[in-house]
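Worksheet: the structure to be examined is printed underneath.
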Amino acid sequence: MSAPESTDRAAPEKKGPRRAVTLALVGMTLLALFAVTFRLRLDPNVASLLPDQGEAAALRRYVRGFGGGDLAVVLVEGPDPEMNAKVAADVATELGKRPSVARAADRIDTSRALDPMLLFRHADPRAMERLRGALTPEGMRARLAESRAMLLAPGSGAVAEMLAADPLRLGQLAYEGADIGSGVRTQADGAFATDDGKAHLVLAEPRGQALRGEDARRFVEDTEAVLAPIRAAHPEMRLGLTGGHAIAAATESMLTRDLSISSTLAMVLASLVFALIFRRVRALVAVMPPLLLGTVWTAAVAAALPRGLSGIAVAFMSVVVGVGVDTGVHVYAALLEARRAGLAPREAARAARAKTARGVLFAAGTAAAAFGALAFSSIEAMQQLGLLCAAGELLTAVAIVLVTPEVGAFLERNPPPPPAPVRWTDAFAWLSGTRRRAAILAFVALLPVAAVCLGAAPGLSDSIIAVRPKELEPLKVQQAVFDAFGGKRGQWVVLVADRDLERARARGDRLAETLSTMKDDVEAVDALTALAPAKETQEARFAARDAQDLSAKASELEKALVETGFAPARFSGALDAMRAPSRDLVQIEDLRKGTSSILLSRYLGMDDGDHLVALYVRPREVPGATARVEEALRRTDPQAMLTGYARLEIVLRQSLARDLPKIAGVAAVLVVAALAMSLRRARDVVIAAVVVLCEIAAVLLLVRILGIPLHAYDALVLPVLLGITVDEGMFLLYRARQAGPPGVEHDVIRETLRDEGPPVAATALTTATGFAALALCRFDGLRDLGLVGALGSVAGLVVALVVVPAGLRLFRA
């Protein structure tokens with residue numbers, strides 16, 4: 001039976017402050033909506049997912065410097081080689097006409113400089129040795145004998161012209177079997193194609209920056225406009241797009257989808273759980289609008305991020321929705337309690353606000369501080385997530401404390417019905433009904449802690465999956481290119497940065513030459529020097545060429561031509577070139593004007609005023625190769641940076657090893673301080689701390705049992721759970737203190753669970769739904785983060801309902 005209903009004839013409340021608060025809320029919301037509409041943007045840049053120290057910092061720099069102007073690749077696959085070649089040529093022609101494409105090519109000009117003396121400028125150390133060998137008397141005669149055999153073979157007409165300019169076939173020695181490649185496999189006609197012709201590539205240089213969403217989208221739209229009719233005309237063929245712009249556009253699209261779906265689902269699931277447990281559907285009308293207000297305000301904070309919202313930080317909206325409902329549960333429960341006690345609606349609203357404001361804001365502050373601990377992460381995306389979740393926790397709590405009592409007073413004008421009987425909490429009360437059962441329960445709850453201490457915790461999984469989502473179509477196309485052209489993923493990136501471009505190129509050349517001599521440890525080197533060595537490198541190679549007394553070599557060649565049956569007059573051009581060898585230097589500007597320009601963006605970049613030169617190295621999988629290559633790089637150029645996705649996994653593990661103790665330590669200190677200030681009893685603080693300890697241990701075991709990947713992103717959620725889930729134990733302990741006089745513990749425990757169990761369950765499960773909504777995300781890191789957070793919230797609830805009653809039974813006040 002409810003208390004007598006009082007009339008709402010209290011002293012009229014001053015309207016001035018209420019009007020000012022209302023206007024302030026409206027103004028904040030309008031500004032927030034403006035910011036979200038016009039400034040919120042998603043950041044597809046993978047750099048924000050990388051640590052800012054060590055090799056990962058170098059990879060961030062590589063992504064910034066080369067991700068902005070990356071080369072795009074169209075894969076053309078089909079059963080008919082001739083049709084593949086035609087389609088590739090058509091794609092290149094049509095792409096070249098599009099406004100978002102600077103140039104496109106399906107082949108490269110394979111005509112070499114006919115003057116064989118210029119080949120020396122491209123000769124790596126081993127090629128230089130082959131050239132020297134060919135210019136010895138014995139080498140000349142052996143090469144000329146082979147050339148004569150080639151001329152006598154059927155169909156040798158095309159060979160004759162080539163041999164007239166280069167009788168010793170020095171071009172073959174300079175380019176065939178070169179230890180430093182340009183990263184492109186071409187056929188005899190220059191086409192980017194496999195040997196069987198069943199796969200062709202079209203390379204395109206997009207305009208604009210890949211990391212600028214509008215530029216990336218415009219390029220992808222133009223490319224798809226070219227590919228769509230070809231796909232329709234040739235259904236048997238596969239046409240795919242990859243490269244920096246395609247990956248960036250696909251990532252942004254994935255993040256947009258994940259943000260909208262997860263936030264909407266979080267709102268629906270949180271509302272459903274709230275309604276089922278609270279059994280007061282109208283309460284949603286009082287809780288959800290201020291929750292949306294707080295979420296919009298938080299999104300405005302996200303809009304202020306200078307580089308946009310990163311992939312992992314997209315989770316903030318679902319988390320804020322799930323965690324923010326907690327405040328509404330306690331505030332509306334207090335409002336109903338006040339109405340059932342006979343207070344008028346307005347008085348009940350004031351009473352509910354006065355009773356809960358300090359507690360819920362303190363709890364929100366504790367959770368916000370735990371989220372804030374993510375600021376100690378070396379990963380920018382996790383810093384963003386911590387900032388936004390902390391801001392969202394506080395802003396939604398403030399909005400609910402201000403708005404929910406007012407709306408609830410309007411909704412609860414009539415006396416509310418008595419609370420529905422709660423039966424499920426009696427099961428937990430029975431489990432701790434005696435000291436013996438309570439002791440057994442406590443022992444069982446501590447088993448996960450013992451198991452984790454004995455080594456049952458899960459190992460770390462591959463963080464690289466969270467950085468580069470495997471569901472992205474451009475990454476699937478990239479793998480198809482690797483499969484067709486024999487590429488491998490395990491390549492490293494050696495990065496040289498210098499204010500002077502020529503100096504950077506010369507340093508890159510020296511590194512490439514060092515690596516090219518390490519055939520036992522290095523499988524492949526892909527560097528700019530194969531196309532355009534630095535001026536310093538070319539001059540050094542010309543000096544080595546001229547040191548061989550080419551004028552005397554020309555006389556020796558003329559003699560060898562006669563001895564092997566050739567007429568020297570036919571080779572006058574080659575002989576004259578040897579007697580007066582050219583020193584023409586290949587210039588980057590010249591390459592930019594030809595088809596080779598399509599390749600330059602693979603090797604040259606800019607970042608923070610520095611010219612970047614990238615070399616791509618694939619070490620052999622032999623014992624000690626990694627250490628020997630690293631030492632050779634340090635010895636050749638101590639300032640060079642070694643990085644790459646193939647090395648990222650080690651770096652992310654090192655980052656986690658640094659970040660996790662810091663974040664866990666900060667979160668633990670904050671939680672213990674919050675417990676001490678809130679509970680103020682040593683027994684209660686210990687019980688609440690044990691709840692959190694058992695919860696984290698249980699989550700680790702569940703992660704291992706369920707096979708959820710634990711990596712550098714979702715692992716950092718574990719310490720945050722300390723601040724999010726500590727509320728359940730705190731509220732149960734605080735309620736137990738008010739439930740009855742000491743000495744009747746059994747009734748106290750049962751009453752505590754009946755009164756506080758439903759609100760605690762509602763808050764924990766709504767938090768779990770916020771995280772669980774992320775399970776539908778296609779971005780792997782978000783999905784794993786959501787699963788760990790949801791497990792933690794549910795485990796925290798169950799452990800609190802088990803450990804708190806057991807602790808109260810075993811340790812009497």
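Rolling a 1.4 Å probe over the protein chains gives Thr295 an accessible area of about 10 Å².
Kirkwood radius, region 617-698, all distinct C-alpha pairs, inverse of mean reciprocal distance: 17.0 Å. Each Lys and Arg adds +1 at its Cβ and each Asp and Glu adds -1 at its Cβ; summed about the Cα centre, the chain shows a dipole of about 3320 debye.
Only one residue of Ala800, Gly609, Tyr62 has its Cα farthest out toward the positive end of the dipole of the chain, where Lys and Arg carry +1 and Asp and Glu -1 on Cβ, and that residue is Ala800. Amide H to amide H, with H built 1.01 Å from N, Arg307 comes under 5 Å of no residue 5 or more places away or on another chain. With helices as the sole contributors, the chain gives -21500 deg cm²/dmol at 222 nm; each DSSP H run of n ≥ 4 counts as -39500 (n - 2.57), and the sum is divided by every residue. In the context of the full set of protein chains, the chain has a per residue accessible area of 42 Å² (1.4 Å probe). Largest first, the extents of the alpha carbon coordinates of the chain on the three principal axes equal 124, 53, 48 Å. Per atom type, region 575-733 shows carbon and sulfur on 61% of its accessible surface, probed at 1.4 Å. Would you work out what percent of the accessible area of region 434-563, with all protein chains in place, is carbon or sulfur (probe 1.4 Å)? Of all accessible area on region 434-563, carbon and sulfur atoms account for 56 percent. Compute the long axis of helix 550-563 from its Cα atoms, compare it with the longest principal axis of the Cα atoms of the chain, and write down the angle in degrees, 0 to 90, nearest 10. The angle comes out near 60 degrees.
Applying the criteria of a DSSP loop state and at most 11 other Cβ atoms within 10 Å to the trypsin sites (Lys or Arg not before Pro) of region 243-296 yields no site.
Counting only protein heavy atoms and a probe of 1.4 Å, the accessible surface of region 287-372 is 69% carbon and sulfur. When nucleic acids and ligands are ignored and a 1.4 Å probe is applied, Glu347 ends up with an accessible area of around 50 Å².
Using a Förster radius of 51 Å, what is the FRET efficiency between Met237 and Ala160 based on their Cβ-Cβ separation? Nearest 0.05, please. Efficiency at R0 = 51 Å is approximately 0.85. Roughly how tilted is helix 316-340, in degrees to the nearest 10 and between 0 and 90, from the longest Cα axis of the chain? Helix 316-340 sits roughly 10 degrees off the main axis of the chain. Compute the acute angle (0 to 90°) between the alpha-carbon long axis of helix 682-706 and the principal axis of greatest extent of the alpha-carbon atoms of the chain; round to the nearest 10°. It works out to around 40 degrees.
The values are calculated or read from the model by the stated rules, or taken from the named source; none is laboratory data. Treat the numbers as computed from the prediction; the structure is a model and nothing was measured. Using ideal geometry, Cβ is built from the backbone for each residue, glycine included, and neighbour counts are taken over all protein chains shown. To get the accessible areas, we keep the full protein, side chains included, count just its heavy atoms, and leave off ligands, DNA and RNA. Shrake-Rupley method; radii C 1.70, N 1.55, O 1.52, S 1.80 Å.
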